[in-house]
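Here the structure is laid out as structure tokens; the discussion comes afterwards.
The values are calculated or read from the model by the stated rules, or taken from the named source; none is laboratory data. In this text the structure is predicted, and so the values were computed from the model without any measurement. As a convention, Cβ positions derive from the backbone with ideal geometry for all residues, glycine included, and neighbour counts pool all protein chains shown.
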Amino acid sequence: MTTVRCDDARGDCGDWRSRAACRGSEPETFFPTAAGGPELARAEAAAKRICTGCPVRTECLAWAMEVLPFGIAGGLSEAERAERRRATRTPRRRGLGRGVAMAKAHRASPGRDAGLAALAAGGDRTQVAIDCGVSRRTVDRWAAALVAEAPAGGAR
Ligand code: SF4
């Protein structure tokens, strides 16, 4: 689901992402901007059709279950992955508030730091999302945080 930069002439870097059926797709296909309703359902269905024939769907879903809170990946929507996480988490993890821990880890991730740096340097938000392997909505939140954290009269 994320674009992989690859210098191999065959386009195969050994990373499962290099074999993804969604390579070259617009990020919006897998990170719909619709908030809900039939429009979101249509967007999710379109992305899932691509996932259906993807040779790395298993790898993608495993990755997405661990790190991706938004968008369609591995053939599942964010709501479906969240439901699957809830159904499979252990009582101990439930006690620790895993969702909160994951959110904190996500906030403090190296990808976020790199994304914030790219945004501060004027990077295009969609490209930052691709480069960091996160949704455009996530990048929008990072950008909002940058503005909120900027000193009065600061940039962007
Ligand atoms: S399963 Fe779907 S989102 Fe994941 S790599 Fe394949 S096409 Fe992309």
Query raised in the report: Going by the conditions given, is ALA21 free of Cβ contacts under 8 Å to residues at least 12 places away in the same chain and in contact with a helix residue (DSSP H, G or I) (Cβ under 8 Å, 6 or more places away or on another chain)?
Result: no
Query raised in the report: In region 47-57, how many are closer than 13 Å to ARG17 by Cβ and either more than 8 Å from the ligand (Cβ to nearest atom) or among the polar types (S, T, N, Q) (or both)?
Result: 0
Query raised in the report: Do we find that ARG93 is at pLDDT below 65, more than 21 Å from GLY24 (Cα to Cα) and not in a helix (DSSP H, G or I) in this structure?
Result: no
